[in-house]
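The values are calculated or read from the model by the stated rules, or taken from the named source; none is laboratory data. Everything quoted here is computed from the prediction, not taken from an experiment. Note: ideal-geometry Cβ built from the backbone for every residue, glycine included; neighbour counts use all protein chains shown.
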Amino acid sequence: MILHEQIASQLPSWRERYKSLAKEHGEVVVANVTVGQVIGGMRDIKSLVTDISYVDPATGIKFRGMSIPEVLKALPKPRGAKIPYVGGLYYLLTVGEVPTREQAEAVETEWAKRADVPDYVFKMLKSMPRETHPMTLFSQAVLALQNNSVFARRYHEGMKKDVYWEAALEDSLDLTAKLPVLAAFIYRLKYFGETKKPKYNARQDYGMNFARMMGVADVKGYAELARLYFILHSDHESGNVSAHTMHLVGSALSDPYLSFSASLNGLAGPLHGLANQECLGWLIDVKSHMGGVPSREQLYQFAWDTLNSGKVIPGYGHAVLRVPDPRFTAQMEFAKARFPEDELVRLADLVFDVVPAVLKEQGKAKNPAPNVDAISGTLQYYYGVREFDFYTVLFGVGRALGVTPNYVWARALGMPLERPKSLTTAMLEDVVAKAAAA
Ligand code: HAX
């Protein structure tokens with residue numbers, strides 16, 4: 001299988017570099033850790049390694065060293081499409097090289113072979129109360145698949161450490177292949193009461209399959225958006241909650257299903273993936289409050305009213321980025337190229353014009369610029385996917401494309417159990433007292 005061969009050929013040199021860092025340079029200091037970081041959510045502590053993506057505060061995410069516009073330009077596209085194959089992105093993230101059309105299509109073929117979901121998973125989903133949050137259903141479905149884990153089975157049979165990654169890759173491909181089916185089934189079940197098992201079509205790509213299984217009216221248009229959305233949400237280096245959770249749980253040698261289900265549970269938090277449903281809610285609130293797209297002055301006032309009521313303006317600010325998120329820009333360009341007159345797109349554009357200034361005046365947010373969530377719901381809404389609480393599931397499908405290659409490489413490089421050290425408050429106060437006395 002194509003990804004397997006590529007990883008296998010790169011592995012000796014990566015292992016050598018990794019081993020040399022650990023064995024010969026283990027004592028070299030990377031950075032100091034401050035009290036502020038210890039009590040501040042470990043913010044910015046440089047303590048993780050990944051070669052799959054890197055977030056530059058000044059320019060945004062780079063996938064294997066490539067910016068979003070470069071990735072969207074370089075990856076092969078399905079015939080007649082403007083947005084690349086998701087399989088090509090998966091190849092790029094996993095292997096570190098831009099694939100040829102054949103290589104991208106080989107990943108798509110691999111997914112088509114593995115997309116079948118066992119019946120008991122649908123039964124389980126159907127038996128859940130209808131009001132269950134779709135992220136809960138999604139995470140449960142992933143967990144339900146766990147008994148098919150090649151990694152777990154082979155581990156219990158006595159797998160050698162240096163081939164962990166092969167079993168991890170098997171699970172990763174099986175899992176990512178099934179996610180569009182699960183997500184689309186949850187969508188049709190929860191909001192339309194449909195119980196029919198969606199069918200993956202081997203002649204269509206990942207994005208087109210998803211669009212068709214979702215049952216949207218404009219399948220071709222939505223397939224383009226689905227590809228863009230999954231690509232943009234795939235990876236954001238490894239310190240964010242969903243990626244870090246996958247890494248942490250995986251470091252205990254929990255298989256990819258167990259690890260990704262945990263990752264989804266982190267993604268479901270309001271400060272992480274759930275933010276995208278809140279962003280669109282805020283935009284629609286503005287629209288209904290003002291009876292349409294407001295004037296700049298009205299929007300300025302509405303933004304201040306939101307802040308004065310103690311709420312954040314969703315879609316703005318970022319823990320690491322200090323510029324507009326290139327994932328926001330890519331989605332805004334997508335919308336402006338296809339439906340520039342849409343009211344919500346015009347409103348999102350106006351918000352982009354007004355809100356950064358408001359946040360700057362308030363002076364709290366370190367980054368007053370938009371993040372990925374400021375526009376993503378608007379695009380879904382345009383294509384008729386208007387159930388806000390489903391949006392995080394879409395994020396989850398995308399996120400799997402980044403966290404599973406990370407999982408595979410973590411096993412390939414023999415990354416150890418993650419175990420940071422804790423201190424008590426008194427110990428921390430002692431550190432401060434000693435620093436003051438010195
Ligand atoms: N509106 C109002 N206040 C904001 C703000 C916003 N959009 N963004 C930051 N602030 C405030 C913070 O609440 C914080 O206030 P306090 O000091 O009173 O606690 C202060 O500015 C400093 O925060 P920061 O250091 O700039 O930002 P953080 O790293 O703490 O948080 C967040 C980053 C993204 C969580 C934050 O900007 C926020 O809450 N934004 C709105 C929600 C949102 O868009 N979340 C989606 C993030 C993207 C993502 O990860 N998706 O999965």
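Some values worked out for this structure:
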{"quantity": "Breaking point among (1) within 21 Å of Tyr120 (Cα to Cα); (2) assigned to a helix (DSSP H, G or I), for Pro198", "calculated": "(2)"}
{"quantity": "Matching residues, the stretch 396-438, being of a type in the set (Lys, Arg), surrounded by fewer than 15 Cβ atoms within 10 Å (Cβ to Cβ) and either part of a helix (DSSP H, G or I) or in contact (Cβ under 8 Å) with a residue 40 or more places away in the chain (or both)", "calculated": "Lys434"}
{"quantity": "Residues satisfying the stated conditions in the stretch 356-392, i.e. farther than 20 Å from Gly273 by Cα, of a type in the set (A, V, I, L, M) and more than 10 Å from the ligand (Cβ to nearest atom)", "calculated": "Ala357"}
{"quantity": "Total residues in the stretch 359-376, condition farther than 17 Å from Glu224 by Cβ, part of a helix (DSSP H, G or I) and of a type in the set (Gly, Ala, Ser)", "calculated": "1"}
{"quantity": "Test result for Asp353, of a type in the set (Asp, Glu), within 16 Å of the ligand (Cβ to nearest atom), in contact (Cβ under 8 Å) with a residue 40 or more places away in the chain and in contact with a strand residue (DSSP E or B) (Cβ under 7 Å, 6 or more places away or on another chain)", "calculated": "no"}
{"quantity": "Whichever residue in the stretch 1-30 is outside any helix (DSSP H, G or I) and hydrophobic (A, V, I, L, M, F, W, C) and, among such residues, is surrounded by the most Cβ atoms within 10 Å (Cβ to Cβ)", "calculated": "Met1"}
{"quantity": "Qualifying residue in the stretch 95-116 (condition: aromatic (Phe, Trp, Tyr) and either in contact with a Lys or Arg (Cβ under 7 Å, 6 or more places away or on another chain) or loosely packed, with under 15 Cβ neighbours inside 10 Å (or both))", "calculated": "no"}
{"quantity": "Any hit, the stretch 31-40, residues being closer than 24 Å to Trp409 by Cα and modelled with pLDDT of 95 or more", "calculated": "no"}
{"quantity": "Hits in the stretch 53-75 - residues which are over 22 Å from Trp14 (Cα atoms) and not in a loop (DSSP other than H, G, I, E, B)", "calculated": "Asp56, Gly60, Ile61, Ser67, Ile68, Pro69, Glu70, Val71, Leu72, Lys73, Ala74"}
{"quantity": "Among (1) over 27 Å from the mean Cα position of the chain (by Cα); (2) closer than 30 Å to Ala106 by Cα; (3) part of a loop (DSSP other than H, G, I, E, B); (4) not charged (D, E, K, R) - the single one Thr50 does not satisfy", "calculated": "(1)"}
{"quantity": "Test: Lys366 is among the charged types (D, E, K, R) and farther than 22 Å from His236 by Cβ", "calculated": "no"}
{"quantity": "Residues (farther than 25 Å from Leu423 by Cα and under 28 Å from the mean Cα position of the chain (by Cα)) located in the stretch 18-47", "calculated": "Tyr18"}
